[in-house]
Amino acid sequence: MNTRIATIVLAIGLGVSFVLLAARIGKLHLPGNQQGYAPAQPIAYSHLLHAGDMQIPCLYCHYPAQSSRHAGVPPANLCMNCHREVTASLGAMHAEDELAAKENRKPRRVVSSELKKLYDALALDANLQPDPGKEARPIAWNRVHTLPSFVYFDHRAHITVGVACQQCHGPVETMVRVRQFSDLSMGWCVNCHRQATAQGVGGRQVNAPVTCSTCHF
Amino acid sequence: MAEKLWRSLEELRSLSGPDAAEFTETPLETAGGPDRRGFLKAVGFTFGASMLAGCSRTVPRIEPNLVQPEGFIPGRPVYYTSVCGGCGAACGTLVKVRDGRPIKLEGNPEHPASRGGLCAVGQASILGLYDSQRVAQPLIEGKAAGWEQADALIRSRLDEARKNGGAVRLLTASVNSPTESVWIRRFLEGFRNARHVEYDALSSSAILDAHEQTHGARILPRYRFDKADVIVSIDADFLGTWISPVEFARGYADSRNPQGSRYAWHAQVEPRMSLSGTKADQRVVLGPGEIADFVTDLAGAVRTGNSSRAVVTAIAGRLREARGRSLVVCGSQDTATQVLVNQINEALGNYGPTIETDHASRQRRGDDRALESLIEELRGGHVDVLIVAGANPAFDAPGGDAVAKAKFLAVHAERMDETASKANLICAASHTLESWGDAEPVEGTASIVQPCIRPLFQTRTLLEALAGWSGKPAAALDLVRDQWQKEIYPKAKPNLPFDRFWEKALQDGFVQYEPGARMRAAAKPREQKEPARIPRSEGFDVVLYAKTALFAGRHAYNPWLQEVPDPISKVAWDNYACLGPQAAAKLGVKTGDYVRVECGGQTLDLPALIQVGSTRRNCRDRPGLRQQTLDALRQGRA
Ligand code: SF4
């Protein structure tokens, strides 16, 4: 009798845990697979705003991708090309302009809390001039796309042949916070290489190698 | 049928019959390991644990430059020329720097001495830069201190010595840097009783002493293996560890090019199998006690053409046929033997064509007698301030423990070695890749040591330290530039303004100029001594030799070098004693057995390694090391 109850309890338990697991099965990853990883960044930089709404080309900021293996995170002085003038969201700046016109004074500089972090990193004062009293400090971004160290990946070849950034990185221009879109597994790489060789990239014939030493050497 | 060649005793045995299979047939259980169930449990646990471990997410970061220098592209390497700091040979290097960090060293193909070569020690020396065990800041009596405190301490000691005429001694390895030499002189000028002593753990002192006798100048000539048609090396492993192996190997390769117009003949006389010995056309196996006799015989045979020994007559015959195109080198530590070698070379007319004295080498300048007298002084407690820089005498100089007897010991060192641990003051030294400096391996060829990264820790170069102690603190870059502008620029006579000349020297990695001819005296020694003979004994001869990847042990901290299998014995990591097969059979010793080596009142327990002396046909009748020879090796921290 007792054994029977125990068996039933066990069977139910097993069933429940299967059901629970099944609901999450899509979220289970093999170790090392970080698909969907979207860490918070030290500055809440939005790709949706910059690449989507403003339509800044990817390679404007990630220019090393054409000439180096890394696409890289742009140096802060590149941000300053625009953000020397643009110090807050358009709305906030317009509001200040209107307010200043109403109060009949010169508009003050409004600085958004996120851009303040950029200026602080560069050790700039309220007038965006170098402040010798402050210490410049690099911004430690959290790396989203990481390959194991035994894989050699080079952006150059992919950019040169015309592979769109979105092919691997997904619709970054719609992401407020960057998320790892593909699983970056070897099977995924190899499938794409095979397909590219068979179908070409952008109507061009390419030879995407699938030999081991292409990536592992 | 072609003769079967073999590379190890095991292979030789398997050639003569099926024996000693590579894989053992014994089942695992009997090997004393876990049983099947235990094994599966362990595997299950490990697998589970590794799955769990793999689930944790490390967060790598990217810290881009705030302001990117123009032309700098992350991930794209840049190459700088510099100089290898692995030993005194000062080979030219190209340093690959990526994202501001040096990541790889290669030889500089344009460098006139090393010509693109870089030995294992040079290749691995980059690891020393990132070594977590480096001394990161000055230490006073073992406690971390700042440079102000360190400077104040040593200045007060030096001032005291200056006032009271106290003895100040500077002990370094060979100084091949012109700027350093100048600053050492300037630093010591201020004292009444000061001396600079250079020594090399792998000493060539006897060669310099012999030239003082025969040529009137204590110099190390530059050997041109690239110009020799007959090479006789007597216990000098010039392809492995002797003086400037990279430069010599390059020259040797030129002389022995199967596709080239000439193919030099090479005889190696040695007590143990060396890298050079494996390449020789003729190899003569002699015990260390027989080398002096051999050189005496050879000197006679070169003069007369005859000797009582056929092998000597044959070698002398080859040499006599190649007058002015031959080269005899010798690794002996005995001055009288080296004097004989000089006379042989002089008789053959090799001085000039294959042995250059007016482009003398600065790679080894050590003076064993000066070291001995310093050790005596130290033992007597007569040294007030001893500064040791770039050397580890407590480890590699005979009697070097005496450094602790100095009243004040300051050590300029990169890591806590045997000498530094005895010091009152440790001045943290910069790695070569963090330093400005210069090097002149052979007179007339100078290179700039160019840093490729800012000092990682609070360290200084010896140049900066010396300038500071002389009361004229300056940055090493200014010191080197100044010296080059004053000394080297006028000698090089380029048609360039100095700034351009300096840039070009940095870009090329070297400059060349005429150092000015040296007076050549006749090869008449002032006093002719008999070569020292090692007394024959009943026991074994112990031959200590430097391992190809570790030299005298200065780089023993470096795991890459410890991992390099010796090219001859194929052993990595450990110390061992090589025994010839016959000697081993006589003693009943197998490879791996421990033997106790007693020599000069010291004992060392070492695993034995059976090492044949030669695999060449001309040695077939003696397929082993001499019976009475035992090679012991002191490779790392034994
Ligand atoms: S011989 Fe080797 S360690 Fe010495 S300078 Fe040349 S490369 Fe460096």
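FYI, it's all coordinate maths here, none of it is from the lab. Owing to the predicted nature of the structure, the values given are computational and were not obtained by experimental measurement. Note: ideal-geometry Cβ built from the backbone for every residue, glycine included; neighbour counts use all protein chains shown.
Numbers below:
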| quantity | calculated |
| --- | --- |
| Exercise: per-residue mean of other protein chain Cβ atoms within 10 Å, A:30-39 | 2 |
| Two-site FRET efficiency, residue B:314 against residue B:573, from Cβ-Cβ distance with R₀ of 51 Å, rounded to 0.05 | 0.80 |
| Exceeding the 27 Å Cα-Cα cut-off - candidates B:163/B:405; A:134/B:472; B:570/B:590; B:104/B:472; B:163/B:472 | A:134/B:472; B:104/B:472 |
| Net lengthening on full extension, residue A:18/residue A:125 (0.36 nm per residue, minus Cα-Cα) | 32.7 nm |
| Computed [θ] at 222 nm, helices only, for chain B once each DSSP H run of length n ≥ 4 contributes -39500 (n - 2.57) | -8500 deg cm²/dmol |
| Derived scalar couplings ³J(HN,Hα) [segment B:282-293; Karplus, 6.51 cos²θ - 1.76 cosθ + 1.60; whole Hz; x for Gly, Pro] | 9, 10, 10, 8, 10, x, x, x, 9, 4, 4, 4 |
| Contact order relative to length of segment B:569-610, as percent, for alpha carbon pairs under 8 angstrom and 6 or more apart | 46 |
| Gain on full stretching of the segment that runs from residue B:162 to residue B:185 - 0.36 nm per residue minus C-alpha separation | 6.8 nm |
| Principal axes of the protein assembly as shown: Cα extent on each, largest first, Å | 108, 84, 60 |
| Cα centroid separation - segment A:118-180 against segment A:67-102, whole Å | 16 |
| Relative packing of peptides B:393-406, B:130-143 - highest average C-beta neighbours within 10 Å first | B:393-406, B:130-143 |
| Cα Rg, Dmax, segment B:220-360, angstrom units | 13.7, 40 |
| Computed Kirkwood radius, in angstrom, where 1/r is averaged over Cα pairs of segment B:537-587 | 12.6 |
| Listed peptides B:70-83, B:311-324 by packing density, highest first (mean Cβ within 10 Å) | B:311-324, B:70-83 |
| Reach of residue B:493 by Cα under 25 Å, taken over lysines that are not fewer than 8 positions away in the same chain | B:504 |
| Amide hydrogen neighbours beyond the local backbone of residue B:234, cut-off 5 Å, H modeled | B:269, B:329, B:330, B:331 |
| Under-5 Å amide H pairs with residue B:286, H placed in peptide plane, nonlocal only | B:270 |
| Degrees separating the helix A:186-199 axis from the principal Cα axis of chain A, which is the longest one | 80 |
| Segment B:220-360: relative contact order as a whole-number percent, Cα under 8 Å and 6+ apart | 32 |
| Within segment A:84-145, GluC sites (Glu not before Pro) in DSSP loop having at most 14 other beta-carbon neighbours inside 10 Å | A:85, A:135 |
| DSSP bridge orientation in segment B:569-610 - percent antiparallel, rounded to nearest 5 | 65 |
| Neighbouring partner chain Cβ atoms per residue of B:305-312, average, 10 Å criterion | 0 |
| Residue-averaged beta-carbon neighbours from other chains (10 angstrom radius) around A:77-86 | 1 |
| Residue B:61/residue A:206 FRET efficiency (R0 35 Å; Cβ-Cβ; nearest 0.05) | 0.55 |
| Percent antiparallel among DSSP beta bridges (both partners in segment B:220-360, rounded to 5) | 15 |
| Using θ = phi - 60° and Karplus 6.51 cos²θ - 1.76 cosθ + 1.60, couplings along segment B:315-323 (whole Hz; Gly, Pro as x) | 5, 4, x, 4, 5, 5, 6, 10, 4 |
| Globularity index of segment B:569-610, i.e. its alpha-carbon radius of gyration over 2.2 N^0.38 Å | 1.15 |
| Tilt relative to chain A, helix A:2-24 - C-alpha long axis, 0 to 90 degrees, to 10 | 40 |
| Mean separation of Cα contacts under 8 Å, 6 or more apart, over the residue count of chain B: relative contact order % | 16 |
| Chain B - convex hull of alpha carbons, volume per residue in Å³ | 222 |
| Antiparallel DSSP beta bridges within the protein assembly as shown, as percent of all bridges there, nearest 5 | 50 |
| Debye log10 I(q)/I(0) for segment B:377-475, one point scatterer per Cα, at q = 0.13 Å⁻¹ | -0.54 |
| Computed helical MRE - 222 nm, chain A, DSSP H runs ≥ 4 contributing -39500 (n - 2.57), nearest 500 | -12000 deg cm²/dmol |
| Peptides ranked, highest mean first, by Cβ atoms within 10 Å: ranges B:278-289, B:167-178 | B:167-178, B:278-289 |
| Around residue B:305: net Lys/Arg minus Asp/Glu count, Cβ-Cβ under 15 Å | +3 |
| Difference of contour (0.36 nm per residue) and Cα-Cα distance, residue A:60 to residue A:174 | 39.3 nm |
| Dipole of the protein assembly as shown, positive direction: furthest Cα of B:408, A:112, B:341, with charges on the beta-carbon | A:112 |
| Under 5 Å, built H, 5+ apart or other chain: amide partners of residue B:193 | B:168 |
| Dipole-positive endmost among B:73, B:474, B:584 within chain B (Cβ charges, Cα centre) | B:73 |
| Cα convex hull of segment A:97-200 - mean projected area over all directions, nm² | 11.5 |
| Dipole-positive endmost among B:494, B:390, B:48 within the protein assembly as shown (Cβ charges, Cα centre) | B:48 |
| Spherically averaged projected area of segment B:162-224 from its Cα convex hull (nm²) | 5.6 |
| Rounded Å value of the spacing that divides the Cα centres of segment B:113-128 and segment B:342-379 | 25 |
